[in-house]
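Read the structure below first, then the notes.
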């Protein structure tokens with residue numbers, strides 16, 4: 001057994017231990033379980049919804065659902081697969097809830113809500129000048145992503161921004177790998193059309 | 001393959017979802033096909049544009065805020081749960097004498113109807129209903145019963161009499177104390193036959209946390225735990241079985257199981273746990289027997305894991321000094 005396999009095996013045992021303890025109501029174990037995955041959950045949410053507040057709402061809703069459902073979690077699937085399935089479900093339903101009241105802010109070309117924007121909360125933007133240069137591109141790409149259907153958008157975010165494999169996305173969304181591929185192809189086609197005039201010529 | 005197939009492969013290539021063989025097939029095709037070459041060029045450009053937008057990851061500040069808000073929400077959630085439990089406890093309806101009488105009457109009526117149904121509804125003679133039929137406290141959910149493998153033995157057209165065998169599986173819902181002998185037998189069986197590793201893990205965990213060491217000595221439970229320790233495909237189940245067996249005295253059966261694990265277990269953490277268990281007699285100032293010393297000597301020389309070798313050497317040397 002290689003060193004990597006050994007450490008994965010130990011990690012798996014530690015996670016099992018945390019799940020069992022959390023199922024029995026141990027809040028410290030539950031928090032440790034949250035901290036193992038919460039950055040990824042927040043990252044998916046941040047890519048999917050439009051504001052930092054929405055991303056935090058999704059994050060909170062996901063872990064509250066996990067907390068409520070954990071006693072009934074039967075470990076038939078990996079904990080991470082189950083968690084990300086909840087994450088995608090919350091994102092998909094959250095979008096439909098917020099759509100009703102975000103049209104006005106989209107018209108104003110603003111992605112802010114309650115004072116600050118998601119782009120301010122995403123790191124790695126580099127120097128101010130670079131950010132100014134790329135802001136136009138970012139806006140167009142984000143609009144193109146927002147033009148996708150909810151499932152296309154979710155598959156696109158999980159693949160392009162989170163780097164999951166197609167089979168992992170299929171497991172998370174309860175879809176066949178063929179369907180995930182089709183969503184990706186359709187999403188890419190749509191993105192090409194949306195961005196053609198501005199950036200792809 | 002059509003051009004559309006190759007175009008799909010180009011997509012998948014940019015998504016890093018192609019095998020080496022598929023990648024080389026695609027590259028070969030791209031060398032000779034200008035149409036697919038144009039497609040590849042456009043997709044490359046699109047990926048560059050999307051890649052430039054990807055920016056970075058979420059900030060620590062956002063994560064910190066989200067965690068803080070989650071902690072508050074969880075506290076409220078727990079408080080809500082506790083309030084419900086308090087309310088249910090306070091609203092103890094059974095303390096009212098009239099309600100108690102009403103409940104008792106209703107219960108008697110249900111039992112009466114049940115008995116009447118069992119006694120007076122004509123039934124077909126069925127032999128060998130299996131062990132589950134004798135479980136006390138178990139409710140069979142007859143609506144979900146599955147009959148399979150039906151085989152006709154004889155059929156008489158004059159009298160209409162038929163004889164056949166079949167297998168019947170009935171889901172059972174059971175409620176009872178884990179200290180109850182029947183419940184223990186069911187759990188021991190589940191540990192050996194259940195397909196779902198989560199259920200097996202929960203079974204070992206329940207046995208380990210709920211039962212005293214004396215009850216774990218029951219032949220069937222001990223046998224199931226040892227078998228789970230040695231052969232369960234899931235490392236979590238094997239580990240939980242080890243933790244439970246560690247509560248028992250190191251008799252011959254348990255000792256042999258531990259030595260088996262030390263020899264054959266692939267997980268080094270499990271082997272270390274076993275060495276720690278085998279060390280207990282040494283720490284208590286007792287003699288360590290030859291079987292154990294032999295396996296420890298073997299492991300200190302051949303185990304692939306440095307720490308396992310070091311621990312085995314340590315315990316072996318301590319055992320030799322006794």
Of all helices (runs of 4 or more DSSP H) fully inside region A:82-201, the set with 1 or more residues that are at pLDDT below 90 and under 16 Å from the mean Cα position of the chain (by Cα) is A:118-121, A:128-146, A:150-156, A:166-173
Condition first: more than 10 Å from chain B (Cβ to nearest Cβ) and either in contact with a helix residue (DSSP H, G or I) (Cβ under 6 Å, 6 or more places away or on another chain) or closer than 18 Å to residue A:137 by Cβ (or both). Now tell me which residues in region A:163-172 satisfy that. A:164, A:169, A:170, A:171, A:172
Test result for residue A:42, in contact with a helix residue (DSSP H, G or I) (Cβ under 8 Å, 6 or more places away or on another chain), surrounded by 17 or more Cβ atoms within 10 Å (Cβ to Cβ), closer than 16 Å to residue B:201 by Cβ and within 12 Å of chain B (Cβ to nearest Cβ): no
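Of the residues that sit in region B:283-311 and are under 22 Å from residue B:253 (Cβ atoms) and surrounded by 19 or more Cβ atoms within 10 Å (Cβ to Cβ), which one is farthest from the other protein chains (Cβ to nearest Cβ)? Steps first, please.
Taking region B:283-311 first, the residues under 22 Å from residue B:253 (Cβ atoms) are B:283-284, B:286-296, B:298-299.
Pick out the ones that are also surrounded by 19 or more Cβ atoms within 10 Å (Cβ to Cβ) and you get B:288, B:292, B:295-296, B:299.
On the way: B:288: 27, B:292: 24, B:295: 19, B:296: 20, B:299: 15 Å.
Residue satisfying both the conditions and the ranking: B:288.
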Collect the residues in region B:193-227 that are within 14 Å of chain A (Cβ to nearest Cβ), crowded, with 16+ Cβ neighbours inside 10 Å and over 19 Å from residue A:24 (Cα atoms), keeping them in residue-number order. B:194
One residue from B:83, B:31 being away from every other protein chain (no Cβ under 14 Å), under 43 Å from the mean Cα position of the chain (by Cα) and either at pLDDT 75 or above or in a helix (DSSP H, G or I) (or both): B:83
Given the options A:45, A:52, A:22, A:29, name the one that is touching a strand residue (DSSP E or B) at 6+ places or on another chain (Cβ under 7 Å) and at pLDDT 85 or above. A:52
Number of the condition not met by residue B:60 [criteria: (1) without any contact (Cβ under 8 Å) to a residue 24 or more places away in the chain; (2) facing another protein chain (nearest Cβ under 9 Å); (3) under 23 Å from residue A:166 (Cβ atoms)]: (3)
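To keep it simple, each residue is scored yes or no on (1) assigned to a loop (DSSP other than H, G, I, E, B); (2) surrounded by 11 or more Cβ atoms within 10 Å (Cβ to Cβ).
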| position | (1), (2) |
| --- | --- |
| B:151 | no, no |
| B:163 | no, no |
| B:167 | no, yes |
| B:173 | no, no |
| B:176 | yes, yes |
| B:185 | no, yes |
| B:188 | no, yes |
| B:191 | no, yes |
When region B:235-275 is examined, which residues are found to be surrounded by fewer than 18 Cβ atoms within 10 Å (Cβ to Cβ), part of a loop (DSSP other than H, G, I, E, B) and within 14 Å of chain A (Cβ to nearest Cβ)? B:266
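Criterion first (crowded, with 20+ Cβ neighbours inside 10 Å and on the phi > 0 side of the Ramachandran plot) does residue A:75 satisfy it? Don't jump to the end; show me each part of the working.
Values: crowded, with 20+ Cβ neighbours inside 10 Å: yes; on the phi > 0 side of the Ramachandran plot: yes.
Judged against the criteria, residue A:75 is a match.
With the structure loaded, tell me whether residue A:69 is in a helix (DSSP H, G or I) and modelled with pLDDT of 90 or more or whether it fails that test. Break it down into steps so the answer makes sense when it comes.
On the way: in a helix (DSSP H, G or I): yes; modelled with pLDDT of 90 or more: yes.
Here the answer is yes, as residue A:69 does meet what is asked.
The values are calculated or read from the model by the stated rules, or taken from the named source; none is laboratory data. Note that the structure is predicted; figures quoted are calculated from it, not measured. Counting neighbours? That spans all protein chains shown, and the Cβs are built from the backbone with ideal geometry, glycine included.
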